[in-house]
Amino acid sequence: MKKYISILVSAVLLAGCTEFGPVFTGEYDAPAADRIYTDEDLAGKECRTIAQVKALYVNGPVNITEDFYIKGQVTTSDRVGNFYREFYIQDETSGIAIKAGKSGLYNTYKQGQWIYVLCKGLTLGDYEGAKQLGLEDITGEYETAYIDIQMLIDRHVLKGAMAGPDEMIKPIVVTYNAEGSENDLFLSDNKTLNPEYVGKLVTVGGLKYANGIFCMAYVDPNQNHKLQSNRIFLDNPFSGFDGGPTNVGATLKDKTKLRANWSVDTWAMSKNQFAANLANGNFDAADIGNGPQKVRDKDPKDQRVYREKIGPSAYSVSQYFSLSGYGNKNKIAVRSSGYAKFSDTRLPDAVLGIRRTVNSDGTVTITNTTAATVTITGVMGVYDGEAQMTLIDLDGVMKDDGKTPWYNEDGTVNE
């Protein structure tokens with residue numbers, strides 16, 4: 001019996017080697033190289049600027065029926081996960097998001113690569129002031145949907161050559177000047193974000209930590225995110241930074257001044273980090289929805305949150321910065337995803353304006369210092385009318401000279 005089994009196994013293996021021989025012998029042809037498009041390949045087709053396409057948007061999504069294309073250079077990367085299934089391209093006029101609908105896009109569309117987007121059949125939409133190109137969202141939940149299907153991506157998004165050294169798009173260094181300037185971040189009213197920069201790679205210097213965050217969390221992340229009864233608002237009105245109701249949950253010992261950022265001193269929160277903050281009582285004073293209902297027990301003396309009823313999840317966080325010398329008149333939110341590799345990385349203590357001292361008994365004493373200013377590079381966006389930047393990675397967080405990174409390659413702080 002063993003002899004017959006041995007013969008049968010040998011026959012199967014021989015048949016397998018015959019059928020799949022090229023896998024082992026290398027007889028398959030090498031995969032064809034991606035086609036690289038040039039302007040000549042699209043000769044005869046109308047080319048529009050990104051600004052011209054964005055101008056088509058008036059009050060709602062636009063299904064594009066005209067046959068034209070745009071050409072731009074890739075300015076973002078999803079290598080560390082702070083961009084999700086989309087990438088930005090930019091030309092000399094503006095920048096726009098391409099909702100490709102795939103992960104690992106940095107392997108396919110590389111920073112500095114020219115991209116041609118055939119716009120006919122796509123939908124131009126808006127998400128919180130940022131324009132996007134994708135497909136029509138038949139659900140009506142958003143103004144655009146991800147393209148997703150590879151055949152459609154290949155039909156609309158054509159890869160060009162890498163830009164030469166002299167062609168590479170560099171971040172625009174924007175400023176704040178109450179009297180206005182060529183690169184002023186705000187319009188003449190000194191509070192409205194200049195739409196010129198939305199979608200573009202920009203660098204803003206002179207930023208000082210504003211001691212506040214915005215994060216939309218949910219009691220049950222698997223339920224309807226639009227239900228007020230399911231929403232937990234972690235935000236701050238930018239007043240009472242020396243204490244107040246938003247600081248009830250602060251747990252760091254020996255703090256001389258409670259901070260108004262809900263003790264969230266990381267760029268964002270992974271699921272584990274959110275759970276840790278929840279367990280520490282950092283969110284005990286948070287509101288559910290817009291009403292008076294609190295994330296706490298009915299007894300106002302008992303600050304314990306209904307922790308067993310709240311499902312932890314990863315959450316994006318916007319850490320707020322103000323422009324030095326102008327208080328909180330103009331603020332910039334720096335947004336990071338809870339799924340980014342650096343989500344749980346703390347902001348440098350010097351930027352937070354604190355000094356940590358480890359005592360002999362292992363406890364940590366935190367004292368306040370003058371906060372260091374920072375220079376941040378990212379893609380400029382807008383949320384609820386306010387300036388919001390999205391980091392590409394932590395290389396975009398620099399010291400005030402705009403050259404020295406705050407973080408080393410391993411994610412530790414460059415003191």
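The values are calculated or read from the model by the stated rules, or taken from the named source; none is laboratory data. What you see is a predicted model; the values in this text were computed from it and never measured. Neighbour counts are summed over all protein chains in view; Cβ atoms, including those assigned to glycine, are modelled from backbone coordinates with ideal geometry. Protein only, heavy atoms only, side chains kept; ligands, DNA and RNA dropped before computing areas. Shrake-Rupley method; radii C 1.70, N 1.55, O 1.52, S 1.80 Å.
Confirm whether I70 is under 17 Å from the mean Cα position of the chain (by Cα) and among the β-branched types (V, I, T).
no
Condition first: hydrophobic (A, V, I, L, M, F, W, C) and surrounded by 18 or more Cβ atoms within 10 Å (Cβ to Cβ). Now tell me which residues in the stretch 343-365 satisfy that.
Those that are hydrophobic (A, V, I, L, M, F, W, C) and surrounded by 18 or more Cβ atoms within 10 Å (Cβ to Cβ): L347, A350, V351, L352, I354.
Are there strands (runs of 3 or more DSSP E) fully within the stretch 51-127 with at least 1 residues that are surrounded by 19 or more Cβ atoms within 10 Å (Cβ to Cβ) and of a type in the set (K, R)? List them.
Passing ranges, in order: 68-74.
Do we have Y407 as aromatic (F, W, Y), under 27 Å from V174 (Cβ atoms) and out of contact with any Lys or Arg (no Cβ under 8 Å at 6 or more places or on another chain) here?
Considered against the rule, which asks whether it is aromatic (F, W, Y), under 27 Å from V174 (Cβ atoms) and out of contact with any Lys or Arg (no Cβ under 8 Å at 6 or more places or on another chain), Y407 comes out as yes.
Can we say T370 is assigned to a strand (DSSP E or B) and of a type in the set (S, T, N, Q)? Reasoning before the result, please.
On the way: assigned to a strand (DSSP E or B): no; of a type in the set (S, T, N, Q): yes.
Considered against the rule, which asks whether it is assigned to a strand (DSSP E or B) and of a type in the set (S, T, N, Q), T370 comes out as no.
Against the definition (within 20 Å of V202 (Cβ to Cβ) and out of contact with any helix residue (DSSP H, G or I) (no Cβ under 8 Å at 6 or more places or on another chain)), how does A130 come out, yes or no? Please lay out each step first, then the result.
Values: within 20 Å of V202 (Cβ to Cβ): yes; out of contact with any helix residue (DSSP H, G or I) (no Cβ under 8 Å at 6 or more places or on another chain): yes.
Against the criterion (within 20 Å of V202 (Cβ to Cβ) and out of contact with any helix residue (DSSP H, G or I) (no Cβ under 8 Å at 6 or more places or on another chain)), A130 qualifies.
Restricting attention to the stretch 244-288, report how many residues are open to solvent by 20 Å² or more (accessible area, probe 1.4 Å), at pLDDT 50 or above and in contact with a strand residue (DSSP E or B) (Cβ under 8 Å, 6 or more places away or on another chain).
Looking only at that region, the number is 4.
Residues are listed down the side, and each one gets a yes or a no for (1) modelled with pLDDT of 90 or more; (2) under 21 Å from the mean Cα position of the chain (by Cα); (3) open to solvent by less than 70 Å² (accessible area, probe 1.4 Å); (4) within 30 Å of T203 (Cα to Cα):
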{"residue": "N290", "(1), (2), (3), (4)": "no, no, no, no"}
{"residue": "D297", "(1), (2), (3), (4)": "no, no, yes, no"}
{"residue": "I310", "(1), (2), (3), (4)": "no, no, yes, no"}
{"residue": "S318", "(1), (2), (3), (4)": "yes, yes, yes, yes"}
{"residue": "S324", "(1), (2), (3), (4)": "no, no, yes, yes"}
{"residue": "G327", "(1), (2), (3), (4)": "no, no, yes, yes"}
{"residue": "A333", "(1), (2), (3), (4)": "yes, yes, yes, yes"}
{"residue": "S336", "(1), (2), (3), (4)": "yes, yes, yes, yes"}
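Looking only at residues in the stretch 382-415 that are of a type in the set (G, A, S) and at pLDDT below 95, which one is most open to solvent (accessible area, probe 1.4 Å)?
So the residue we want is G385.
Out of the residues in the stretch 134-144 meeting the condition of being closer than 13 Å to G121 by Cβ and within 22 Å of the chain's Cα centre (by Cα), tell me which one is most open to solvent (accessible area, probe 1.4 Å).
L135
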